[in-house]
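*Asks:* Next up is a structure, given as C-alpha cells.
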Amino acid sequence: MEATQEIRCKFIDLLQTTIGFSQILQWEFQANNSFSVQILSQTSQSFENILTLCQSLVEKEHQLLSQGRVFFVDLEVEKNNFLLDTIPNITKKYRFIFIPCYYQSLYFGGFLLVNNNFNSDWTESDILLIQKLVDQYACVQYWMNLSLKQSVISPNKAELNQIEILSNVLNCNLEPQENLGIILKLIGERFEVEQVELRNCLENENIIIKEWNKNPEIKINLLLKIPVFFSSQLQAELILKSSCFTRIFALDQIQFLEKISQYISVILQQIQINKKLQEVTTKNQILEASNHNKSEFLTHINHELRTPLTGILGFSRMLQEEIYGPLNDKQKQYMQGILTSGEHLLALINDFLDISKIEANQEELFLELIAVEDICLSALSILKAKAKEQKLELKLEIGSNVNMCTTDQRRLKQILLNLLSNALKFTEVGSVTLKVENYPDKLTFSVIDTGIGIKEGDQTQLFQPFRQIHNHLSRKQKGTGLGLALSRKLAQLHGGDITLASEVGKGSCFTLHLPFQCRL
C-alpha cells in the first residue's frame, strides 16, 4: 500500500506542477463493484458536499465514464448556497472535470479535478495533457494492483503445455493454413474468448487471413491486438474478441501471445514462400507445355520440309555430276546456287530442331568413353579443305595429360565443328588452333583464332538465337545464327558451358568447359 500511495502522491504533485488545480478527488471501485471517493489534495476547507456531488455524478454518468470519456460540469453558485456556507471566499463559478482511469478496456476509477479560479480556466491543450497523464497513471496503478493481489505470476504448467503443443503443430506435416487454424483455436480456448482473427497488414485491404469463432451469433467486442512482425516489418495483427467488455489481460498473458505471434510470423512466411513456389511451378508447367507443343510442331514441320528438300538436294547433285548429260557454265553456276541454298536450309532446319528439343527437355545424351585426340582430328579433317582454301593454318594442341573422356561423341563433335567453322569464317590471315587442356575439375577445348575479334558490347549477343555480329566478313559468309546458341545449350546439357575471350583486331578464343564427370 505504501508504494501505491507514493505513486499517487507523485502523480498529484505532477498535476499541480504542470497544470494547477483547486482540489482533486479520486474514486475507485472495490471488489464488490461499490466505489469509494476520497480527497487527495490538501486543503483546510470542508468538501463533504463536493464528495457527495462527485459520487452522484459518477453514478449518473457511469456509462459515459466506462467508455473512457471525459466530461465537464460547470456550476454557478449563489449566496447562501451550501457550497458558499461550507467554503467561504470562493468564486461564483466552478468547473469540474471528470477523467476516468481506463486501461485495457477496464474502467476501475477516476479523478475529479476542481477549478474555482474563473480567470485561469483550463485550455483544450491542458485537458489533453491531463488525460494523457491520467492514462499513464492508470497503466501504472493497474500493474501495481495486480502485483499486490499476486495476479501477475510466471507462466503456469498449462501455458507451458500450450507452448509445447504449438511446437508440435509447427513440426507436423500439416499445411501452413491448417497450422494457423489449430493455433487460433488454441488461443481462443486458452484465453476463453469468442473470436480470434489474423488480419493482413501488408496490403491496403483489411483482409482476414484466418479466423476462429466459438459462437458467431454472439455480439463481441475488440479486446486486444498483438502485432505480428517479420524483419521489423508489421506483417499482420492477432486480434482477440469477446462478449465480455471488461475482460483484461495480464502481463504474462500478453507476453505469451507475443511468443505465439513469432510462431505465426514463421507460418505466414511459409505461406508466402509456398504461394511463390506455386506460381513459379504453374509458370514452369505452362512453359513446359508450350515447349512440348512447339517441339511437336517443329518435329512435324521438320518432316514435312526434309522430304522435299532431300529430293531437291539429290536431284541437284545428280545434275551437277552431269549423270544425264553435260551442262553449260551458266547452268553449272545456277545448279551450284541451288545446292548451296538447299544445304544451308537443311542446316537451319537441323539446328532449329535441335534447339527446340533441348528447350523441351526431349534431348538425350548418349554418353560413351572416347579418345579425345581422335574426335579432335576427326573434326579438323572435315574443315581441312576449307582452311587450305582460305590459306589458314589449322593446328591441334593437346596436353600431355589428356587421354580419354566420357561424353556424347556426336554432340561433342557438333560443338567443335561449330566453333571451328566460326573461327575460319571470321579469320582472314593467320591460324585457327584447337587446344585441349586437362584441369582438376574439368576438361577444356579452346578454339583460338587470329581473326578480326569481337567488340565487348557485341559479345553477349553471340549466344542468342538468330543473332549475328555485323561486319564486312559476316556479309560475305552465310550462317543460320543458331550455331553458337546451339553449341552452348549442348555444353550446358553436359553440365558445362562455353565462354568467350576476345579483343578487336587480335582474335578470339571460344572455350568449351566439360565438367569432371565427363572425363577420365
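The values are calculated or read from the model by the stated rules, or taken from the named source; none is laboratory data. Small disclaimer: the values here were computed from a predicted structure and weren't measured. In this analysis, Cβ positions are derived from the backbone assuming ideal geometry, glycine residues included, and neighbour counts consider all displayed protein chains. These accessible areas exclude ligands, DNA and RNA; they are computed on the full protein's heavy atoms, side chains included. Shrake-Rupley method; radii C 1.70, N 1.55, O 1.52, S 1.80 Å.
*Asks:* Could you tell me which residue of the stretch 93-107 is modelled with the lowest pLDDT, considering only residues that are over 15 Å from Gln136 (Cβ atoms), open to solvent by 10 Å² or more (accessible area, probe 1.4 Å) and part of a strand (DSSP E or B)?
*Replies:* Going through the qualifying residues, I end up with Lys93.
*Asks:* Hey, among Asp497, Asp441, which residue is charged (D, E, K, R), closer than 21 Å to Leu365 by Cβ, open to solvent by 30 Å² or more (accessible area, probe 1.4 Å) and modelled with pLDDT under 90?
*Replies:* Asp441
*Asks:* Follow-up question, since we're still on this one. From Gln150, Gln141, Gln177, which residue is at pLDDT 60 or above and open to solvent by 60 Å² or more (accessible area, probe 1.4 Å)?
*Replies:* Among Gln150, Gln141, Gln177, only Gln177 is at pLDDT 60 or above and open to solvent by 60 Å² or more (accessible area, probe 1.4 Å).
*Asks:* In the list Leu57, Leu51, Leu84, Leu65, which residue meets the criterion of being modelled with pLDDT under 70, of a type outside the set (S, T, N, Q) and part of a helix (DSSP H, G or I)?
*Replies:* Values: Leu57 fails: modelled with pLDDT under 70; Leu51 fails: modelled with pLDDT under 70; Leu65 fails: modelled with pLDDT under 70.
So the residue among Leu57, Leu51, Leu84, Leu65 that is modelled with pLDDT under 70, of a type outside the set (S, T, N, Q) and part of a helix (DSSP H, G or I) is Leu84.
*Asks:* Same structure again: Check off (1) closer than 21 Å to Ser261 by Cα; (2) at pLDDT 75 or above; (3) in a helix (DSSP H, G or I) for Leu133 and give me the number that stays unchecked.
*Replies:* (1)
*Asks:* Now for a separate question. Which residue is modelled with the lowest pLDDT, if the candidates are limited to the stretch 303-323 and must be part of a helix (DSSP H, G or I) and aliphatic (A, V, I, L, M)?
*Replies:* Out of the qualifying residues, it is Leu305.
*Asks:* Would you pick out the residues in the stretch 323-371 that are farther than 30 Å from Asn293 by Cβ and in contact with a Ser or Thr (Cβ under 9 Å, 6 or more places away or on another chain)?
*Replies:* Within the stretch 323-371, Met335, Gln336, Ile338, Leu339, Glu368, Leu369, Ile370 qualify.
*Asks:* Tell me, which strands (runs of 3 or more DSSP E) lie completely within the stretch 324-428 with 3 or more residues that are surrounded by fewer than 19 Cβ atoms within 10 Å (Cβ to Cβ) and within 55 Å of the chain's Cα centre (by Cα)?
*Replies:* Passing ranges, in order: 367-371, 393-398.
*Asks:* Okay, moving on. Which residue pairs have Cβ atoms under 7 Å apart, sit 6 or more places apart or on different chains, and have a first residue in the stretch 323-335 that is within 16 Å of Ile312 (Cα to Cα) and a second that is assigned to a loop (DSSP other than H, G, I, E, B) and open to solvent by 100 Å² or more (accessible area, probe 1.4 Å)?
*Replies:* Here the result reads none, with nothing in the stretch 323-335 linked to a residue that is assigned to a loop (DSSP other than H, G, I, E, B) and open to solvent by 100 Å² or more (accessible area, probe 1.4 Å).
*Asks:* Right, something else. Touching a helix residue (DSSP H, G or I) at 6+ places or on another chain (Cβ under 9 Å), surrounded by fewer than 15 Cβ atoms within 10 Å (Cβ to Cβ) and either without any contact (Cβ under 8 Å) to a residue 60 or more places away in the chain or of a type outside the set (Val, Ile, Thr) (or both) - does that describe any residue in the stretch 279-286? Steps first, answer last, please.
*Replies:* In the first step, residues of the stretch 279-286 are kept if they are touching a helix residue (DSSP H, G or I) at 6+ places or on another chain (Cβ under 9 Å); the result is none.
So far as the stretch 279-286 goes, no, none of its residues is touching a helix residue (DSSP H, G or I) at 6+ places or on another chain (Cβ under 9 Å), surrounded by fewer than 15 Cβ atoms within 10 Å (Cβ to Cβ) and either without any contact (Cβ under 8 Å) to a residue 60 or more places away in the chain or of a type outside the set (Val, Ile, Thr) (or both).
*Asks:* Say we look at the stretch 219-252 and pick out the residues that are among the β-branched types (Val, Ile, Thr) and open to solvent by less than 60 Å² (accessible area, probe 1.4 Å); which of these is nearest to the chain's Cα centre (by Cα)?
*Replies:* Residue satisfying both the conditions and the ranking: Val228.
Results for (1) modelled with pLDDT of 80 or more; (2) over 26 Å from Glu197 (Cβ atoms); (3) β-branched (Val, Ile, Thr), shown as yes or no for each residue.
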{"residue": "Ser243", "(1), (2), (3)": "no, no, no"}
{"residue": "Gln255", "(1), (2), (3)": "yes, no, no"}
{"residue": "Ile260", "(1), (2), (3)": "yes, no, yes"}
{"residue": "Ile264", "(1), (2), (3)": "yes, no, yes"}
{"residue": "Ile271", "(1), (2), (3)": "yes, no, yes"}
{"residue": "Lys275", "(1), (2), (3)": "yes, no, no"}
{"residue": "Thr281", "(1), (2), (3)": "yes, yes, yes"}
{"residue": "Lys294", "(1), (2), (3)": "no, yes, no"}
{"residue": "Ile301", "(1), (2), (3)": "no, yes, yes"}
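*Asks:* Would the stretch 287-295 turn up any residue that is assigned to a helix (DSSP H, G or I), free of Cβ contacts under 8 Å to residues at least 24 places away in the same chain and not aliphatic (A, V, I, L, M)? Step through it out loud before you land on a result.
*Replies:* First pass over the stretch 287-295, keeping only residues assigned to a helix (DSSP H, G or I): 287-295.
Next cut, free of Cβ contacts under 8 Å to residues at least 24 places away in the same chain only: 287, 289-290, 293.
Now narrow it down to the ones that are not aliphatic (A, V, I, L, M): 290, 293.
Checked against the condition, which is being assigned to a helix (DSSP H, G or I), free of Cβ contacts under 8 Å to residues at least 24 places away in the same chain and not aliphatic (A, V, I, L, M), the stretch 287-295 yields at least one hit.
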